[in-house]
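Laboratory data are not the source of any read-out in this text; all were calculated from the coordinates shown. Just so we're clear, the structure is a prediction, and the values are computed from it rather than from any experiment. FYI the Cβ positions are ideal-geometry reconstructions off the backbone, even for glycines, and counts take in every protein chain you see.
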Amino acid sequence: MQFQTAVIAGDGIGPEIVREAKKVLDKVAAKYQHEFCYTDVLMGGASIDVHGVPLTDEAIEACKASDAVLMGSIGGNTSTSPWYQLPPEKRPEAGLLKLRKSLNLFANLRPAYLYDELKGACPLKDEIIGDGFDMMIMRELTGGLYFGERGTVEENGILTAHDSLTYNENEIRRIAKRGFDIAMKRRKKVTSVDKANVLDSSRLWRKVVEEVAKDYPEVQYEHMLVDNCAMQLVKDPGQFDVILTENMFGDILSDEASMVTGSIGMLSSASLNDTKFGLYEPSHGSAPDIAGQDIANPIATILSAAMMLRFSFDLDEAADDIERAVKSVLAKGYRTVDIMSEGKTQVGTTQMGDLIAAEI
Ligand code: IPM
Ligand code: MG
């Protein structure tokens, strides 16, 4: 079959990690006789440099015309890059937010998983790691503080800024359903995270999640306050299966969860809407400090491509194949520098891509 993918290489290490993911996809295409067609799309700093804006309408249309979007990462060094001299709505990140909103990508899935082979990189003590952990952060992606009314005003010489956190019940219900659906395919547990002891938006969140939970009697669910969740993630990460939460809390908790695995360079993500369409990107950022040095870990992007095959193209077997290839390369002892440990063989970005492609 033929599949159309819009490719946003982006900034920093984006182009080199996407190149390796495409290398692996090409191998999959040959083995399973599919055709993956790519359309390059500019976003973030790369788009600012050419068009003066982080995302053009044409770029959005090119994504909409595809079956899925594969993305590297966007953004630069916020202290030194000229992109951050621009007004906020013209900076690289604004492009990503606009794309999420335009494509209605409300459901962000961020798996945080402890690889057996990489236990040594986990910063937690052995007794906390226990049997390991495997959780899915389900983050609402098109509402809340990121998209609420905001502004900065000066009154009587005093600058005041505000950002509003708004959710309606429909926005909460659709992400909650997604969270419970995913839990049904996993260990059937949902931890809904909020700040209901303070925020009205969280009290509505809790009420709607409780209603949705009634339709999933097999799923064990609980509510947890976000500050407690931040603590539990380092105290007992094994207790979590699906963590369901709003946009800002999900941004913060997903970084924490991925750091706890010790291998943020390994974690993929998917941003989905109501259809089969999705945007797939590594959970990590653009790491401008190491760009172009052939040391970035391409695995998170390669695994994001596997998620794309699974969720948007229904190619489960090929997705399994990529995941197996990654594990096999790790089992043979190959590591990029971020996950390197004693006695293993250090390889660069390109070689890691070659090794994984060779296993397909
Ligand atoms: C993420 C990133 C983005 C976010 C930034 C780049 C706008 O941190 O995907 O987690 O805050 O959502
Ligand atoms: Mg983030």
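Structure notes:
- Note on segment 5-106: Lys pairs 8 or more places apart or on different chains, Cα atoms under 18 Å apart, count 6.
- Cα-centred dipole magnitude for the chain, charges only on beta-carbon of K, R (+1) and D, E (-1), debye, nearest 20: 480
- Volume per residue for segment 189-241 equals 60 cubic angstrom (convex hull of Cα atoms).
- Distance between segment 169-213 and segment 48-81 - C-alpha centres, whole angstrom: 31
- Among beta bridges identified by DSSP and lying wholly in the chain, the antiparallel ones come to about 40 percent.
- Charge dipole (segment 173-272, unit charges on Cβ, about Cα centre) - positive-most of ASN228, THR191, VAL209: VAL209
- Choice from ALA62, ALA325, ALA161 showing the highest fluctuation, given a GNM over the chain with Cα pairs closer than 10 Å: ALA161
- Estimated dipole of segment 72-223 in Debye, rounded to 20 [Cβ of Lys and Arg +1, of Asp and Glu -1, Cα centre]: 440
- Rg/Rg_ref, segment 2-103, where Rg_ref = 2.2 N^0.38 Å and atoms are Cα: 1.13
- Against the compact-protein benchmark of 2.2 N^0.38 Å, the Cα-based radius of gyration of segment 112-214 scales to 1.47.
- For segment 277-346, radius of gyration divided by Kirkwood radius, i.e. Rg to Rh on alpha-carbons: 1.03
- Calculated SAXS-style log₁₀ I(q)/I(0) at q = 0.07, 0.09, 0.10, 0.14 Å⁻¹ - the chain, Debye, Cα scatterers: -0.30, -0.50, -0.62, -1.25
- Each stretch of four or more DSSP H residues adds -39500 (n - 2.57); spread over every residue of the chain, this sum gives -12500 deg cm²/dmol at 222 nm.
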